[in-house]
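Engineer: Have a look at the structure that comes next, please.
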There are 2 protein chains.
Amino acid sequence: MKPITLKDIAKALDLSPSTVSRAMKDNPAISLQTRERVQAYAAKHKYKPNTLAMQLRTNRVNTIGVIVPEIVHYFFSTVLAGIQDEAEKKNYNLLFCLSNEDYEREVKSVETLLDARVCGILASQSKSTRTFDHFQEIIDNKVHLVFFDRICTGINTDKVVVDDYAGAFNAVEYLISTGCKRIAFLGATPWLPIANNRRMGYEDALRKHRLPVEKELSQVCDTVDLAKVVIPQMLALDPPPDAFFCINDEVAAYCIQIAKSNGFNVPEDVSVCGFTNSYLTEVTYPKLTSVDQHGYRMGEVAARLLINRIEGRETKPGIVSRLIKTKLVVRESTK
Amino acid sequence: MKPITLKDIAKALDLSPSTVSRAMKDNPAISLQTRERVQAYAAKHKYKPNTLAMQLRTNRVNTIGVIVPEIVHYFFSTVLAGIQDEAEKKNYNLLFCLSNEDYEREVKSVETLLDARVCGILASQSKSTRTFDHFQEIIDNKVHLVFFDRICTGINTDKVVVDDYAGAFNAVEYLISTGCKRIAFLGATPWLPIANNRRMGYEDALRKHRLPVEKELSQVCDTVDLAKVVIPQMLALDPPPDAFFCINDEVAAYCIQIAKSNGFNVPEDVSVCGFTNSYLTEVTYPKLTSVDQHGYRMGEVAARLLINRIEGRETKPGIVSRLIKTKLVVRESTK
DNA sequence: TCCTTTAAGGTAATCGGTTTCATACGCGTC
DNA sequence: GACGCGTATGAAACCGATTACCTTAAAGGA
């Protein structure tokens with residue numbers, strides 16, 4: 001029982017396929033009588049035009065591909081929600097790929113998406129990616145590419161990023177304003193621009209207020225496993241830090257736990273500030289101060305930019321770079 | 001600059017399209033010499049077969065659609081990760097739709113996916129869905145459908161569910177075993193089977209241990225906003241509950257906060273147990289006891305079931321129902 | 001020498017629509 | 001009655017690949 005085609009309708013009503021095609025689109029060249037006859041028959045038999053056939057003819061698919069490194073992740077899931085909402089509004093479908101922070105899989109995802117002939121790709125780089133040929137291939141194939149958040153500095157294309165520098169700068173400056181003087185930075189691998197920018201924001205804020213930038217207070221610590229090792233080490237320093245500025249909320253939440261179990265009061269002895277402003281912030285004790293990255297908005301902006309490119313509505317020449325502003329949300333984990 | 005097609009190659013090498021097609025597939029009817037010539041030319045010009053054309057011909061797409069009610073949501077994002085991993089392994093692409101708990105959008109998503117002619121759909125119902133014609137239409141269109149988690153009882157099709165009843169029963173029995181006698185249930189709208197099953201597990205556990213099932217201790221409270229209203233009311237009862245069994249971790253986490261700010265010690269005065277075992281469990285204070293739903297596994301199982309159906313490998317006749325076992329993870333929020 | 005076989009490749013139909021370019025007919029007009 | 005014009009429809013090409021069915025030429029056998 002194959003689905004009914006336009007030709008089936010033509011045969012059944014003793015018309016030509018072209019007439020049926022036109023009748024379905026209410027072409028005035030077809031008599032009203034015929035149009036109604038065709039449409040009635042089509043409705044009755046649940047005719048559905050074959051998208052594939054149309055796409056083949058126009059050589060255009062209304063699908064955009066998304067590559068994210070992780071999805072069980074507050075920030076990326078909010079971005080995806082923003083992308084999906086915007087895409088749906090503009091009548092684009094979403095082909096979803098997960099790189100799992102794995103370079104090989106990221107490469108495979110790109111191939112999958114190019115194979116599927118998507119008209120554009122939104123991507124956030126995996127942590128393990130060091131070479132960019134696969135991204136270049138997207139551009140070589142004349143497929144539009146917009147990076148979001150974890151952009152790829154080796155590729156010249158549109159991007160949407162969080163204002164990590166300002167986010168970090170403002171957060172650290174706020175910590176300083178509350179009296180903190182030995183602020184630790186729990187960062188991420190330095191080849192991720194987002195981590196680097198935050199570290200620079202952190203350091204510049206210290207420098208602005210004439211506080212020393214100390215190597216031992218700035219470490220890579222972006223996972224829970226690392227946190228269990230790094231944070232106790234830092235707390236054992238003499239003197240210990242009086243604040244932690246963390247690369248994400250999970251590390252920050254753990255930081256609160258670890259600090260408390262090591263006899264430090266939060267925020268009296270140490271302040272803790274996260275980054276993302278996920279739902280974790282409301283359930284830590286004390287509630288977590290964090291920098292909101294506006295992930296949903298980033299998704300919307302990235303999708304809109306990509307779609308504008310696809311539809312030729314983004315007139316600005318050269319590459320476009322959008323900055324999503326951050327906002328420090330002060331709760332109880334800082335003085 | 002359109003991408004190179006098979007016909008272009010044929011013209012360039014003065015061959016017919018059929019010869020090129022066969023040469024590309026290493027058909028022995030074509031001389032080795034020609035095969036190599038064609039393949040070399042194709043590689044040099046980055047020829048990519050047009051998937052659309054092949055799909056049109058075979059009338060088969062290797063894409064499955066997913067509809068989730070929410071994505072900024074620990075459980076659903078883990079399920080999606082499981083689905084994606086399994087789909088990728090079996091060489092299927094994922095078309096991603098978000099219903100946002102909205103009936104209209106769910107209907108639209110179904111239409112989108114049927115339009116895209118996916119070969120199967122994985123769906124979890126939105127909370128606001130009351131009628132099921134759109135799901136029936138999937139089946140009427142001979143597209144395979146597997147429900148996961150929030151199944152639709154009005155539709156006769158394969159499903160994968162968490163063993164909510166046993167999960168709730170065991171959790172409540174555990175609470176009783178620690179000495180709790182007035183256990184409250186913070187549930188969800190009763191037309192969701194998952195909520196109903198948990199309530200039944202809750203009530204049966206009480207009955208088994210000859211504890212009264214009280215109306216006032218069982219309420220709909222599945223969002224943070226509701227929690228702010230409902231939990232203080234319950235704590236004001238005389239006597240107050242000595243335990244809360246919550247429909248999800250967010251409500252449970254809030255419950256801890258609210259209990260503490262109302263002067264109750266957790267777990268000494270009230271125990272709190274969540275459902276999902278999300279990353280929230282590690283950052284509440286005290287850490288949250290919760291029922292693990294194994295979302296990732298559910299995603300894998302659902303995707304595998306769907307793909308087996310699509311490929312005709314699921315031989316079992318009638319509808320298949322898979323149960324994902326839960327596991328109570330005891331932490332510090334219970335005695 | 002003639003016929004058969006086989007290697008190597010070409011022709012054309014097909015998938016399901018869209019679109020350009022005819023065609024057929026009726027009617028009014030000079 | 002020849003011409004023009006508008007209306008309603010059909011025929012065929014096309015999108016890009018696959019494939020059933022031919023064609024051609026050379027080799028091999030009797």
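Engineer: Of all residues in the stretch B:123-145, count the ones that are of a type in the set (Asp, Glu) and facing chain A (nearest Cβ under 10 Å). Steps first, answer last, please.
Structural biologist: Taking the stretch B:123-145 first, the residues of a type in the set (Asp, Glu) are B:133, B:137, B:140.
Checking which are facing chain A (nearest Cβ under 10 Å) leaves us with B:137, B:140.
Within the stretch B:123-145, residues that are of a type in the set (Asp, Glu) and facing chain A (nearest Cβ under 10 Å) number 2.
Engineer: Being of a type outside the set (Val, Ile, Thr) and either within 10 Å of chain A (Cβ to nearest Cβ) or at positive phi (or both) narrows it down to one residue among B:LEU280, B:LEU237; which is it? Spell out the reasoning first.
Structural biologist: Working: B:LEU237 fails: either within 10 Å of chain A (Cβ to nearest Cβ) or at positive phi (or both).
It is B:LEU280.
Engineer: Now, a different point. On the given criteria, is B:ALA42 more than 9 Å from DNA strand D (Cβ to nearest atom) and within 14 Å of chain A (Cβ to nearest Cβ)? Can you show your working first?
Structural biologist: On the way: more than 9 Å from DNA strand D (Cβ to nearest atom): yes; within 14 Å of chain A (Cβ to nearest Cβ): no.
No: the conditions fail for B:ALA42.
Engineer: Is it fair to say A:ALA87 is near DNA strand D (Cβ under 9 Å from one of its atoms) and closer than 30 Å to B:GLU86 by Cα?
Structural biologist: Details: near DNA strand D (Cβ under 9 Å from one of its atoms): no; closer than 30 Å to B:GLU86 by Cα: yes.
Judged against the criteria, A:ALA87 is not a match.
Engineer: Read through the list (1) hydrophobic (A, V, I, L, M, F, W, C); (2) closer than 30 Å to A:ILE258 by Cβ; (3) in contact with a strand residue (DSSP E or B) (Cβ under 6 Å, 6 or more places away or on another chain), then give the number of the only condition that B:ILE319 fails.
Structural biologist: Going through (1) hydrophobic (A, V, I, L, M, F, W, C); (2) closer than 30 Å to A:ILE258 by Cβ; (3) in contact with a strand residue (DSSP E or B) (Cβ under 6 Å, 6 or more places away or on another chain) one by one, B:ILE319 breaks only (2).
Engineer: Against the definition (more than 7 Å from DNA strand C (Cβ to nearest atom) and buried (at least 17 other Cβ atoms within 10 Å of the Cβ)), how does B:ILE30 come out, yes or no? Working first, answer last.
Structural biologist: Details: more than 7 Å from DNA strand C (Cβ to nearest atom): no; buried (at least 17 other Cβ atoms within 10 Å of the Cβ): yes.
Considered against the rule, which asks whether it is more than 7 Å from DNA strand C (Cβ to nearest atom) and buried (at least 17 other Cβ atoms within 10 Å of the Cβ), B:ILE30 comes out as no.
Engineer: Condition test on B:TYR92, is it in contact with a helix residue (DSSP H, G or I) (Cβ under 7 Å, 6 or more places away or on another chain), among the hydroxyl-bearing types (Ser, Thr, Tyr) and at pLDDT below 95?
Structural biologist: Numbers: in contact with a helix residue (DSSP H, G or I) (Cβ under 7 Å, 6 or more places away or on another chain): yes; among the hydroxyl-bearing types (Ser, Thr, Tyr): yes; at pLDDT below 95: no.
Here the answer is no, as B:TYR92 does not meet what is asked.
Engineer: Let me ask something else. List every residue pair whose Cβ atoms sit under 7 Å apart, with the two residues 6 or more apart in sequence or on different chains, where the first one lies in the stretch B:216-229 and is away from chain A (no Cβ under 12 Å) and closer than 17 Å to B:ARG198 by Cα and the second, anywhere, is among the small types (Gly, Ala, Ser) and assigned to a helix (DSSP H, G or I).
Structural biologist: B:CYS221/B:ALA227
Engineer: What number of residues within the stretch A:292-325 satisfy the criterion of being surrounded by 23 or more Cβ atoms within 10 Å (Cβ to Cβ) and assigned to a loop (DSSP other than H, G, I, E, B)?
Structural biologist: 1
Engineer: Right, B:ARG331: of a type in the set (D, E, K, R) and either more than 30 Å from A:GLN257 (Cβ to Cβ) or in a helix (DSSP H, G or I) (or both) or not? First the steps, then the outcome.
Structural biologist: Values: of a type in the set (D, E, K, R): yes; either more than 30 Å from A:GLN257 (Cβ to Cβ) or in a helix (DSSP H, G or I) (or both): no.
In short, no.
Engineer: Looking at the stretch B:207-242, which of its residues are aliphatic (A, V, I, L, M) and either closer than 13 Å to B:LEU186 by Cα or touching a strand residue (DSSP E or B) at 6+ places or on another chain (Cβ under 7 Å) (or both)? So that I can check it myself, show each step before the final result.
Structural biologist: Kept after step one, since they are aliphatic (A, V, I, L, M), are these residues of the stretch B:207-242: B:211, B:213, B:217, B:220, B:224, B:226-227, B:229-231, B:234-237.
Selection gives B:LEU217, B:VAL220, B:VAL224, B:LEU226, B:ALA227, B:VAL229, B:VAL230, B:ILE231, B:MET234, B:LEU235.
Engineer: Going by the conditions given, is A:SER109 touching a Pro at 6+ places or on another chain (Cβ under 8 Å), within 22 Å of A:LYS159 (Cβ to Cβ), free of Cβ contacts under 8 Å to residues at least 60 places away in the same chain and away from DNA strand C (no atom under 16 Å from the Cβ)? Reasoning before the result, please.
Structural biologist: Values: touching a Pro at 6+ places or on another chain (Cβ under 8 Å): no; within 22 Å of A:LYS159 (Cβ to Cβ): yes; free of Cβ contacts under 8 Å to residues at least 60 places away in the same chain: yes; away from DNA strand C (no atom under 16 Å from the Cβ): yes.
Spelling it out, it is not the case that A:SER109 is touching a Pro at 6+ places or on another chain (Cβ under 8 Å), within 22 Å of A:LYS159 (Cβ to Cβ), free of Cβ contacts under 8 Å to residues at least 60 places away in the same chain and away from DNA strand C (no atom under 16 Å from the Cβ).
Engineer: Return the total of residues in the stretch B:92-122 being among the aliphatic types (A, V, I, L, M) and at the interface with chain A (Cβ under 9 Å from one of its Cβ atoms). Show your work before the answer.
Structural biologist: Keep residues of the stretch B:92-122 that are among the aliphatic types (A, V, I, L, M), which gives B:94-95, B:98, B:107, B:110, B:113-114, B:116, B:118, B:121-122.
From the residues that got through so far, the ones that are at the interface with chain A (Cβ under 9 Å from one of its Cβ atoms) too are B:94-95, B:98, B:113-114, B:116.
Counting residues in the stretch B:92-122 that are among the aliphatic types (A, V, I, L, M) and at the interface with chain A (Cβ under 9 Å from one of its Cβ atoms) gives 6.
Engineer: May I ask you to verify whether B:ASP222 is acidic (Asp, Glu), under 24 Å from B:ASN170 (Cα atoms) and assigned to a loop (DSSP other than H, G, I, E, B)?
Structural biologist: Details: acidic (Asp, Glu): yes; under 24 Å from B:ASN170 (Cα atoms): yes; assigned to a loop (DSSP other than H, G, I, E, B): yes.
Considered against the rule, which asks whether it is acidic (Asp, Glu), under 24 Å from B:ASN170 (Cα atoms) and assigned to a loop (DSSP other than H, G, I, E, B), B:ASP222 comes out as yes.
Engineer: Something else now. Out of everything in the stretch A:47-61 that is assigned to a helix (DSSP H, G or I) and facing another protein chain (nearest Cβ under 8 Å), what residue ends up being nearest to A:LYS11 (Cα to Cα)?
Structural biologist: A:ALA53
Engineer: Of all residues in the stretch B:1-20 being under 21 Å from A:GLU111 (Cβ atoms) and within 12 Å of DNA strand C (Cβ to nearest atom), which is surrounded by the fewest Cβ atoms within 10 Å (Cβ to Cβ)? Don't jump to the end; show me each part of the working.
Structural biologist: Within the stretch B:1-20, the first condition is being under 21 Å from A:GLU111 (Cβ atoms), and the residues that meet it are B:1-6, B:9.
Keeping just the survivors that are within 12 Å of DNA strand C (Cβ to nearest atom) gives B:6, B:9.
Values: B:LEU6: 19, B:ILE9: 23.
Out of the qualifying residues, it is B:LEU6.
Engineer: While we're on this one: Looking only at the stretch B:241-276, filter to residues that are acidic (Asp, Glu) and not in a loop (DSSP other than H, G, I, E, B); which one of those is surrounded by the fewest Cβ atoms within 10 Å (Cβ to Cβ)?
Structural biologist: Of the stretch B:241-276, the ones acidic (Asp, Glu) are B:242, B:249-250, B:268-269.
Restricting the remaining residues to those that are not in a loop (DSSP other than H, G, I, E, B) gives B:249-250.
Values: B:ASP249: 26, B:GLU250: 22.
Residue satisfying both the conditions and the ranking: B:GLU250.
Engineer: Also, I was wondering about something else. Under the condition of being more than 7 Å from chain B (Cβ to nearest Cβ) and of a type in the set (Val, Ile, Thr), which residue from the stretch A:62-91 is surrounded by the fewest Cβ atoms within 10 Å (Cβ to Cβ)?
Structural biologist: A:THR63
Engineer: Same structure again: What's the number of the condition B:HIS294 fails, among (1) touching an Asp or Glu at 6+ places or on another chain (Cβ under 9 Å); (2) on the phi > 0 side of the Ramachandran plot?
Structural biologist: Condition not satisfied by B:HIS294: (1).
Residues are listed down the side, and each one gets a yes or a no for (1) more than 21 Å from A:ILE64 (Cβ to Cβ); (2) touching a strand residue (DSSP E or B) at 6+ places or on another chain (Cβ under 7 Å):
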{"site": "B:CYS97", "(1), (2)": "no, yes"}
{"site": "B:LEU114", "(1), (2)": "no, no"}
{"site": "B:LEU122", "(1), (2)": "no, yes"}
{"site": "B:PHE132", "(1), (2)": "yes, no"}
{"site": "B:ASN141", "(1), (2)": "yes, no"}
{"site": "B:ILE151", "(1), (2)": "yes, yes"}
{"site": "B:GLY154", "(1), (2)": "yes, no"}
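Engineer: All but one of (1) under 46 Å from the mean Cα position of the chain (by Cα); (2) near DNA strand C (Cβ under 9 Å from one of its atoms) hold for B:GLN39, so report the exception by its number.
Structural biologist: (2)
Engineer: Select, from B:ALA23, B:ALA29, the only residue that is within 14 Å of DNA strand D (Cβ to nearest atom), modelled with pLDDT under 95 and either more than 30 Å from B:ILE121 (Cβ to Cβ) or not in a loop (DSSP other than H, G, I, E, B) (or both).
Structural biologist: On the way: B:ALA23 fails: modelled with pLDDT under 95.
Of the residues listed, the single one that is within 14 Å of DNA strand D (Cβ to nearest atom), modelled with pLDDT under 95 and either more than 30 Å from B:ILE121 (Cβ to Cβ) or not in a loop (DSSP other than H, G, I, E, B) (or both) is B:ALA29.
Engineer: Still on this structure, please answer the following. Can we say A:TYR279 is within 25 Å of the chain's Cα centre (by Cα), buried (at least 23 other Cβ atoms within 10 Å of the Cβ) and aromatic (Phe, Trp, Tyr)?
Structural biologist: Values: within 25 Å of the chain's Cα centre (by Cα): yes; buried (at least 23 other Cβ atoms within 10 Å of the Cβ): no; aromatic (Phe, Trp, Tyr): yes.
In short, no.
Residues checked against (1) touching a residue at least 40 places away in the same chain (Cβ under 8 Å); (2) among the charged types (D, E, K, R):
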site: B:SER31; (1), (2): no, no
site: B:LYS46; (1), (2): yes, yes
site: B:THR51; (1), (2): no, no
site: B:TYR74; (1), (2): yes, no
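The values are calculated or read from the model by the stated rules, or taken from the named source; none is laboratory data. Since the model is a prediction, treat every value here as computed from it, not as a measurement. With ideal geometry, Cβ positions are generated from the backbone for all residues, glycine too; neighbour counts draw on all protein chains shown.
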